[in-house]
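K.L.:
I'd like to ask you about the structure that follows.
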Amino acid sequence: MRGKQPGGPAVVTTAGPDAEAPEAINAVPLRRPGRWIAAVVVVGLLGLFIYGAATNSAYDWSAVGKYLFDVRVEQAAMITLLLTAYAMTAGIVLGVVLAVMRLSPNPVLRSVSWLFLWFFRGTPVYVQLVFWGLMSTIYKHLDLGIPFVVQFAHIRTSTFFSYFWLAVIGLALNESAYMAEIVRAGISSVDEGQTEAATALGMSWWQTMTRIVLPQAMRVIIPPTGNELISMLKTTSLVTAVPYSFELYSRTRDLSIETFNPIPMLIVASAWYLLFTSILMIGQYYLERYFARGASRRMSARQLQALAKAQGVAGAAPFAEENR
Amino acid sequence: MTEPMVRAQGVRKQFGALEVLKGISLQVGRGEVMCLIGPSGSGKSTFLRCINHLEQLSGGRLYVDGELVGYHERAGRLHEMQPREAARQRRDIGMVFQRFNLFPHKTALGNVVEAPLKVQRQKRNAAVTKARQLLDRVGLADKADAYPAQLSGGQQQRVAIARALAMNPKLMLFDEPTSALDPELVGEVLDVMRQLARDGMTMIVVTHEMGFAREVADSLVFMDDGVVVEAGDPREVLARPQHQRTQAFLSKVL
């Protein structure tokens, strides 16, 4: 039942500039013993694990130290980086093309793009890599030219494509299928009004895409792409299926066959992978910050300072806090 | 007789089976301001979007500055335009949207200089100087470096007007420019538009601001259900609507 609440009409006091300021709150903080117990338990378990790892001879930390900066390991780490960089670059470019094809009004382009995604997302990358390794068995040579008319080039696949490049192609095509979906989601997330405003200004489709839509789509595209990049770095360990064996994981595994001591070599490989992913995570943080410009009402330090100056320092301080 | 800025002859628009415009014929002379009013769903916005070919006509003809919009007419047949040519036609027609549609990743200044730099390929210095003048003209000279999210609705809409003016349009289309604004912000946008009208810009304004229509417009068109129900001098139409549907609509909004 709704009715008039007891207590009479609302009372509102208006505060003038010289009204007495209300007292700041200075309460006794609530005790939270549960937090302390949970923290102690977790830290204790972590300490036990570290102690166990340090004293367990199976880890053989001296061997880890010896091989961590071994020239062969360092070279393999560089090759892993190269594989990642090439495959990811090609994967992103092809992914953008596939995404644009999927959003195209042309039904043939749409279907072909869908078919590509269906195949490359639907089969394991390991199986695909084995297939690429067998490329020179399946296609003995490639002919460039107009079918049945002229031939410009005749390529023997077994000599033209090294296992390294077959690995790059295999990783890139698989990656492009995932990137296509990420890019498509990004493009679809941009408000239709943006395209309309750009079109109304007389911008071409290409200008609208590159100047207006994609920069905004980046905010949605970058976080999952960072994941993909980190995932790619680790997926390079599968190129042994091609078979290509000079990247980090295969190389450390081969070294462990020489030393009969696999565990320290696994730690060496993991350490390098962790180093690279950490660097990538830092890079991603800055990229995200760059593409978030204009996305928030939060003002830059410079803008806040200008406002504070206009308002007088005393009044602006709490406002600046709120904006942090 | 000089060619009017906009000439619509029996303009029709269908979305699938739904007929949104059922033959609109009207003219807007150079330097004239026309206000389009009517209930939502009456086709006002669709008609406006047809003028710069954001929507393709299903029937009739539309001319801007004597030039057929979106098509070439050769030997009695219409040929669809290349996207490049349609873009060229749109350059000369400014458009202001209900929800502003500013580019959120660019500052106010960045929004205004974008099209002059990329579409008209102006020199950066010239474009920036002009853009600052335009921001000053809409009263936002101090907000050049602010991003849209940091501006109020009224300020955003004024930036949007400056952005459209930066292309030196011969015609400005306003699609309910104040409908998304808080009431106390409506005035600042209308002031800018009033000034623009005074400077001789040809304008077509879809609006619910009857006061603005009465004061600024040279002609008022009442649309309902895809047809022009009544048109004429705004003071006349608003004070003594002839048609029953106009009367019914005005009694609700005035």
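The values are calculated or read from the model by the stated rules, or taken from the named source; none is laboratory data. Values in this document were obtained by computation on a predicted structure and should not be read as measured data. Using ideal geometry, Cβ is built from the backbone for each residue, glycine included, and neighbour counts are taken over all protein chains shown. Note: accessible area is taken over every heavy atom of the protein model, side chains too, but ligands, DNA and RNA are not part of it. Shrake-Rupley method; radii C 1.70, N 1.55, O 1.52, S 1.80 Å.
Each row is one residue, and each column tells you yes or no for (1) open to solvent by 90 Å² or more (accessible area, probe 1.4 Å); (2) under 30 Å from A:K234 (Cβ atoms); (3) among the charged types (D, E, K, R); (4) in contact with a helix residue (DSSP H, G or I) (Cβ under 6 Å, 6 or more places away or on another chain).
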site: A:V96; (1), (2), (3), (4): no, yes, no, yes
site: A:A99; (1), (2), (3), (4): no, yes, no, yes
site: A:N106; (1), (2), (3), (4): no, no, no, no
site: A:L109; (1), (2), (3), (4): no, no, no, yes
site: A:Y126; (1), (2), (3), (4): yes, yes, no, yes
site: A:P147; (1), (2), (3), (4): yes, no, no, no
site: A:V150; (1), (2), (3), (4): no, no, no, no
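K.L.:
Which residues, counting only those in region A:199-222, are among the small types (G, A, S) and facing chain B (nearest Cβ under 8 Å)? Explain how you work it out, then say what you get.
P.N.:
Let us first name the residues in region A:199-222 that are among the small types (G, A, S), namely A:200, A:202, A:204, A:217.
Matches in region A:199-222: A:A200, A:G202, A:S204.
K.L.:
Let me ask another. Residues in region A:47-58: is at least one assigned to a loop (DSSP other than H, G, I, E, B) and closer than 30 Å to A:S245 by Cβ? First the steps, then the outcome.
P.N.:
From region A:47-58, those assigned to a loop (DSSP other than H, G, I, E, B) are A:56; that's our starting set.
Now drop any that are not closer than 30 Å to A:S245 by Cβ, which leaves A:56.
Among the residues of region A:47-58, at least one is assigned to a loop (DSSP other than H, G, I, E, B) and closer than 30 Å to A:S245 by Cβ, which makes the answer yes.
K.L.:
So, restricting to helices (runs of 4 or more DSSP H) that lie completely within region B:191-254, which ones have at least 1 residues that are among the hydroxyl-bearing types (S, T, Y), closer than 30 Å to B:G59 by Cβ and touching a residue at least 24 places away in the same chain (Cβ under 8 Å)?
P.N.:
Details: elements: B:210-216, B:234-239, B:244-253.
Passing ranges, in order: B:244-253.
K.L.:
Determine, yes or no, whether A:T240 is free of Cβ contacts under 8 Å to residues at least 60 places away in the same chain and of a type outside the set (D, E). Give the derivation first.
P.N.:
Details: free of Cβ contacts under 8 Å to residues at least 60 places away in the same chain: yes; of a type outside the set (D, E): yes.
Yes, satisfied.
K.L.:
Give A:S245, A:S250 a once-over and let me know the one that is surrounded by fewer than 19 Cβ atoms within 10 Å (Cβ to Cβ) and of a type in the set (G, A, S). Full working, then the answer.
P.N.:
Numbers: A:S250 fails: surrounded by fewer than 19 Cβ atoms within 10 Å (Cβ to Cβ).
Of A:S245, A:S250, the one residue that is surrounded by fewer than 19 Cβ atoms within 10 Å (Cβ to Cβ) and of a type in the set (G, A, S) is A:S245.
K.L.:
Identify, by number, the condition in (1) within 14 Å of the chain's Cα centre (by Cα); (2) at negative phi that B:P183 doesn't meet.
P.N.:
Failing condition for B:P183: (1).
K.L.:
Based on what the data block shows, is B:I51 under 30 Å from B:R214 (Cβ atoms), of a type in the set (A, V, I, L, M), within 13 Å of chain A (Cβ to nearest Cβ) and in contact (Cβ under 8 Å) with a residue 60 or more places away in the chain? Before the answer, list the steps.
P.N.:
Numbers: under 30 Å from B:R214 (Cβ atoms): yes; of a type in the set (A, V, I, L, M): yes; within 13 Å of chain A (Cβ to nearest Cβ): yes; in contact (Cβ under 8 Å) with a residue 60 or more places away in the chain: yes.
Yes.
K.L.:
Further, regarding this structure: Limited to region B:1-40, what total is found for residues that are open to solvent by 20 Å² or more (accessible area, probe 1.4 Å) and under 14 Å from the mean Cα position of the chain (by Cα)?
P.N.:
2
K.L.:
Still on this structure, please answer the following. Considering every residue within region A:59-74, establish whether at least one is among the β-branched types (V, I, T) and either touching a strand residue (DSSP E or B) at 6+ places or on another chain (Cβ under 9 Å) or under 30 Å from A:Y178 (Cβ atoms) (or both).
P.N.:
Initially, region A:59-74 is screened for residues among the β-branched types (V, I, T), giving A:64, A:71, A:73.
With either touching a strand residue (DSSP E or B) at 6+ places or on another chain (Cβ under 9 Å) or under 30 Å from A:Y178 (Cβ atoms) (or both) added as a condition, the list becomes A:73.
Yes: region A:59-74 contains one or more residues that are among the β-branched types (V, I, T) and either touching a strand residue (DSSP E or B) at 6+ places or on another chain (Cβ under 9 Å) or under 30 Å from A:Y178 (Cβ atoms) (or both).
K.L.:
Moving on. What number of residues within region B:152-176 satisfy the criterion of being touching an Asp or Glu at 6+ places or on another chain (Cβ under 6 Å) and either outside any helix (DSSP H, G or I) or facing chain A (nearest Cβ under 8 Å) (or both)?
P.N.:
Our first condition is that a residue be touching an Asp or Glu at 6+ places or on another chain (Cβ under 6 Å); within region B:152-176, this holds for B:154, B:169-170.
Still in the running and either outside any helix (DSSP H, G or I) or facing chain A (nearest Cβ under 8 Å) (or both): B:169-170.
Residues flagged as touching an Asp or Glu at 6+ places or on another chain (Cβ under 6 Å) and either outside any helix (DSSP H, G or I) or facing chain A (nearest Cβ under 8 Å) (or both) within region B:152-176 amount to 2.
K.L.:
So which of B:G70, B:G110, B:G43, B:G66 ends up being open to solvent by 30 Å² or more (accessible area, probe 1.4 Å) and either more than 8 Å from chain A (Cβ to nearest Cβ) or farther than 30 Å from B:A146 by Cα (or both)? Write out each step before concluding.
P.N.:
On the way: B:G70 fails: open to solvent by 30 Å² or more (accessible area, probe 1.4 Å); B:G110 fails: open to solvent by 30 Å² or more (accessible area, probe 1.4 Å); B:G43 fails: open to solvent by 30 Å² or more (accessible area, probe 1.4 Å).
Among B:G70, B:G110, B:G43, B:G66, only B:G66 is open to solvent by 30 Å² or more (accessible area, probe 1.4 Å) and either more than 8 Å from chain A (Cβ to nearest Cβ) or farther than 30 Å from B:A146 by Cα (or both).
K.L.:
Something else: A:Q194 - would you say it is within 9 Å of another protein chain (Cβ to nearest Cβ) and over 20 Å from the mean Cα position of the chain (by Cα)? Break it down stepwise before answering.
P.N.:
On the way: within 9 Å of another protein chain (Cβ to nearest Cβ): yes; over 20 Å from the mean Cα position of the chain (by Cα): yes.
For A:Q194, the condition - within 9 Å of another protein chain (Cβ to nearest Cβ) and over 20 Å from the mean Cα position of the chain (by Cα) - is met.
K.L.:
Go through B:A115, B:A141, B:A149 for me and flag whichever is facing another protein chain (nearest Cβ under 10 Å) and surrounded by fewer than 18 Cβ atoms within 10 Å (Cβ to Cβ).
P.N.:
Values: B:A115 fails: surrounded by fewer than 18 Cβ atoms within 10 Å (Cβ to Cβ); B:A141 fails: facing another protein chain (nearest Cβ under 10 Å).
Being facing another protein chain (nearest Cβ under 10 Å) and surrounded by fewer than 18 Cβ atoms within 10 Å (Cβ to Cβ) holds for just one of B:A115, B:A141, B:A149, which is B:A149.
K.L.:
Okay, moving on. If you take the residues in region A:266-279 that are among the aliphatic types (A, V, I, L, M) and in contact with an Asp or Glu (Cβ under 9 Å, 6 or more places away or on another chain), which one is least open to solvent (accessible area, probe 1.4 Å)? Talk me through it step by step, then tell me what you get.
P.N.:
Residues of region A:266-279 that are among the aliphatic types (A, V, I, L, M), as a first pass: A:266-269, A:271, A:274-275, A:279.
If we keep only those that are in contact with an Asp or Glu (Cβ under 9 Å, 6 or more places away or on another chain) too, we end up with A:267-268.
Numbers: A:I267: 37, A:V268: 0 Å².
The extreme case among them is A:V268.
K.L.:
If you don't mind, there's one more thing I want to ask. What number of residues in region A:184-204 are under 11 Å from B:V119 (Cα atoms) and open to solvent by less than 10 Å² (accessible area, probe 1.4 Å)?
P.N.:
Restricting attention to region A:184-204, the residues satisfying the condition of being under 11 Å from B:V119 (Cα atoms) are A:198-199, A:201-204.
Next, only the ones that are open to solvent by less than 10 Å² (accessible area, probe 1.4 Å) stay: A:198, A:202-203.
Of the residues in region A:184-204, 3 are under 11 Å from B:V119 (Cα atoms) and open to solvent by less than 10 Å² (accessible area, probe 1.4 Å).
K.L.:
Need the failing condition index for B:R99 against (1) closer than 26 Å to B:G226 by Cα; (2) more than 8 Å from every other protein chain (Cβ to nearest Cβ), just the number.
P.N.:
Single failed check for B:R99: (2).
K.L.:
With respect to A:A172, is the statement that it is within 10 Å of another protein chain (Cβ to nearest Cβ) and either surrounded by fewer than 15 Cβ atoms within 10 Å (Cβ to Cβ) or at negative phi (or both) true?
P.N.:
Considered against the rule, which asks whether it is within 10 Å of another protein chain (Cβ to nearest Cβ) and either surrounded by fewer than 15 Cβ atoms within 10 Å (Cβ to Cβ) or at negative phi (or both), A:A172 comes out as no.
K.L.:
For B:R49, state whether it is surrounded by fewer than 22 Cβ atoms within 10 Å (Cβ to Cβ) and either more than 14 Å from the chain's Cα centre (by Cα) or over 26 Å from B:R245 (Cβ atoms) (or both).
P.N.:
Numbers: surrounded by fewer than 22 Cβ atoms within 10 Å (Cβ to Cβ): yes; either more than 14 Å from the chain's Cα centre (by Cα) or over 26 Å from B:R245 (Cβ atoms) (or both): no.
Criteria not met by B:R49.
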